[in-house]
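The values are calculated or read from the model by the stated rules, or taken from the named source; none is laboratory data. As the structure is a computational prediction, the values presented were derived from the model and not from experiment. In this analysis, Cβ positions are derived from the backbone assuming ideal geometry, glycine residues included, and neighbour counts consider all displayed protein chains. Heads up: the accessible areas ignore ligands, DNA and RNA and are worked out on the full protein's heavy atoms, side chains in. Shrake-Rupley method; radii C 1.70, N 1.55, O 1.52, S 1.80 Å.
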Amino acid sequence: MATAQIFLDRNRTTAPISPLLFGGFIEHMGRCVYEGIYDPASPLADENGLRTDVLEALREQAYTVMRYPGGNFLSGYNWLDGVGPKEKRPSRRELAWQSIETNQFGTNEFVDFCTAIDAAPMLGVNMGTGTIQSASDLVEYCNVESGTYWSDLRAQHGYRQPHNVRYWCVGNEMDGPWQIGHLDAEAYGKKALEAAKMMKWQDPTIQTILCGSSSNSMVTYPDWDRIALEIAWEHMDYHSMHYYAGNRENDTASYLASAVAFEQYVDVLEGTLRYVKAKRRSQHDVYLSWDEWQVWYKGDPLQGNWTEAPHLAEEIYNLEDALVVAQWLNVFLRKSHVLKIACVAQIVNVISWLHTRQDGLLKQPSYYAFKLVSNLARGEALDVLVKAPAVETKEYGDVPALDVSASYDAQTQQGAIFLVNRGLTDVVTTEVIWQDGKEVKLEQAWQLAGTDPKECNSWEEPNRLVANAIPVPEVVNGRSTISLPPLSFTVLTTRTP
Ligand code: AHR
């Protein structure tokens, strides 16, 4: 019988969990905006054209921050195309995804959408075809109260109050040769620095995000990160990471150990941040923003053949994908000291666990994994000690069968434990041991589990894989035992009685 022990101490915290770790990303790509969040022709749309079923699902997921409008789209986007009277907005050829962009949804509609789901907007400025002037103008348009050209234009467009957008991405994946207006690290660092200077002169309260490498497989990684950071350090608050995972070799054991790769990626960039801070003799801190993360490998088309809202990258996700998502969220908690923002790419239809069709919405298994963590991880991350049997993987060697994170909020005295059994065959009988000597009670228990890693939900069977409430184990003398089935994600909530 496989057994494991998890040791917790509510005083042994590592860092506050940033609420911004539960963010999303919306790009003008495929059907994310049109037919995803915005679909005025749909019977399910509200008076602003927003899909009410999608809004409800997004609210359930408790998103805290939303990144927009791209993505590769950003690097060819003129934000002026997307503001003002809708009938005057131009239709354009959109080069990144070879689609037709009607511009019926733009900055102001995006901010309204964020208000509707109670998420903070995070806007990108174009560092491809865009200039430092256009970046500065957009900050003025959004955040200056009134009495200037751009702020008055916003008022004319029906938005008298400033949007007060706090988070600003200075470009997108500028290291990628596929990017419109791609630059090398030095040229990008200099342009980003000059843009951020102007943007912060417009509004000193904003926080800026520098483009990091677009993945750790880039040949320029991690020099790109170091060079851009060395140049722009003092004017940046976050450094971005992007990564898409996948089971390309159909090697499920290795795929289910993806958390190892995620942690290594963070570790390298954390080292880079420390190095640059020391080299610059700086008092300033820069944190990580993992503002594109998701499973993406199944090979759906990426080019729209010059059509509106084409079906692009509409991934079908299964149980193993959901267990990778759950581990990703565990990594976010374990790396809370340096990782402060994360945005899943994307929130609907495109590389997403939510798919729309005219008459409804399909929730894929990873939807439930995200929903549990985003609603329950509060307060501080705990330093969890895990003693678990090893599972063998081709890619990462032996890894513990359990991947675990935990949170505790001293104010509410509530906590949560997030446990992935990434083994393919064995139930792991797990003892959870609280070492702090304080009383504790388990309150709720949820589980997303199945027997086949390839199992998924479908329009015909939408509820095959959901998170189910399971019996809550008892705690006796600070110890509790729970059986974790293979291929499962279990969440326990705690409170101090
Ligand atoms: O999210 C899809 C694309 O992936 C984004 O446009 C780009 O930034 C990344 O390569």
For segment 415-423, check the following and say yes or no: at least one residue is open to solvent by 50 Å² or more (accessible area, probe 1.4 Å) and either in the same structural domain as I6 (by TED's automatic domain parsing) or over 24 Å from the mean Cα position of the chain (by Cα) (or both). no
Can you work out which of the residues in segment 308-324 that are assigned to a loop (DSSP other than H, G, I, E, B) and open to solvent by 10 Å² or more (accessible area, probe 1.4 Å) is nearest to P453 (Cα to Cα)? I316
In this structure, is R357 surrounded by fewer than 18 Cβ atoms within 10 Å (Cβ to Cβ), of a type outside the set (F, W, Y) and more than 16 Å from the ligand (Cβ to nearest atom)? yes
With respect to V472, determine if the residue is more than 18 Å from T3 (Cβ to Cβ), of a type in the set (V, I, T), in contact (Cβ under 8 Å) with a residue 24 or more places away in the chain and touching an Asp or Glu at 6+ places or on another chain (Cβ under 9 Å). yes
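One line per residue, one yes/no per condition, for (1) within 16 Å of the ligand (Cβ to nearest atom); (2) of a type outside the set (S, T, N, Q):
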{"residue": "N164", "(1), (2)": "no, no"}
{"residue": "H182", "(1), (2)": "yes, yes"}
{"residue": "Y188", "(1), (2)": "yes, yes"}
{"residue": "E194", "(1), (2)": "no, yes"}
{"residue": "K197", "(1), (2)": "no, yes"}
{"residue": "D203", "(1), (2)": "no, yes"}
{"residue": "T208", "(1), (2)": "no, no"}
{"residue": "G212", "(1), (2)": "yes, yes"}
{"residue": "S217", "(1), (2)": "yes, no"}
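Quick grid of which residues meet (1) in contact with a His (Cβ under 7 Å, 6 or more places away or on another chain); (2) within 16 Å of the ligand (Cβ to nearest atom); (3) modelled with pLDDT of 95 or more; (4) open to solvent by 30 Å² or more (accessible area, probe 1.4 Å):
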residue	(1), (2), (3), (4)
A245	no, yes, yes, no
S254	no, no, yes, no
R274	no, no, yes, yes
S282	no, no, yes, no
Y287	no, no, yes, yes
G299	no, yes, no, yes
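Could you tell me whether T115 is away from the ligand (no atom under 16 Å from the Cβ), without any contact (Cβ under 8 Å) to a residue 40 or more places away in the chain and either open to solvent by 20 Å² or more (accessible area, probe 1.4 Å) or more than 25 Å from the chain's Cα centre (by Cα) (or both)? Don't jump to the end; show me each part of the working.
Values: away from the ligand (no atom under 16 Å from the Cβ): yes; without any contact (Cβ under 8 Å) to a residue 40 or more places away in the chain: yes; either open to solvent by 20 Å² or more (accessible area, probe 1.4 Å) or more than 25 Å from the chain's Cα centre (by Cα) (or both): yes.
Yes: the conditions hold for T115.
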Pull up segment 336-347, narrow it to residues that are of a type in the set (A, V, I, L, M, F, W, C) and buried (at least 24 other Cβ atoms within 10 Å of the Cβ), then point me to the one that is farthest from P69 (Cα to Cα). L339
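The rows are residues; the columns are (1) without any contact (Cβ under 8 Å) to a residue 24 or more places away in the chain; (2) assigned to a loop (DSSP other than H, G, I, E, B).
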residue	(1), (2)
Y159	no, yes
P162	yes, yes
V165	no, yes
M174	no, yes
Y188	no, no
A192	no, no
W201	no, no
T205	no, yes
Among N305, N216, which is more than 19 Å from A342 (Cβ to Cβ) and open to solvent by 10 Å² or more (accessible area, probe 1.4 Å)? N305
Answer yes or no: is there a residue in segment 384-395 that is farther than 23 Å from A57 by Cβ, of a type in the set (D, E) and buried (at least 21 other Cβ atoms within 10 Å of the Cβ). no
Output the residues belonging to segment 66-102 that are more than 11 Å from the ligand (Cβ to nearest atom), open to solvent by less than 30 Å² (accessible area, probe 1.4 Å) and not β-branched (V, I, T). M66, Y68, Y77, W79, D81, G82, G84, R89, E94, S99, E101
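With the condition kept exactly as written, say whether any residue in segment 303-314 is more than 16 Å from the ligand (Cβ to nearest atom) and touching a Leu at 6+ places or on another chain (Cβ under 9 Å). Give the steps one after another, and end with the answer.
Initially, segment 303-314 is screened for residues more than 16 Å from the ligand (Cβ to nearest atom), giving 305-308.
Filter again for touching a Leu at 6+ places or on another chain (Cβ under 9 Å), leaving none.
For segment 303-314, residues more than 16 Å from the ligand (Cβ to nearest atom) and touching a Leu at 6+ places or on another chain (Cβ under 9 Å): absent.
For segment 357-414, enumerate the residues that are assigned to a loop (DSSP other than H, G, I, E, B) and either under 24 Å from the mean Cα position of the chain (by Cα) or in the same structural domain as A41 (by TED's automatic domain parsing) (or both).
First pass over segment 357-414, keeping only residues assigned to a loop (DSSP other than H, G, I, E, B): 358-359, 364, 377-379, 383-384, 388-389, 394-396, 401, 410-413.
Passing the criteria: Q358, D359, Q364, A377, R378, G379, D383, V384.
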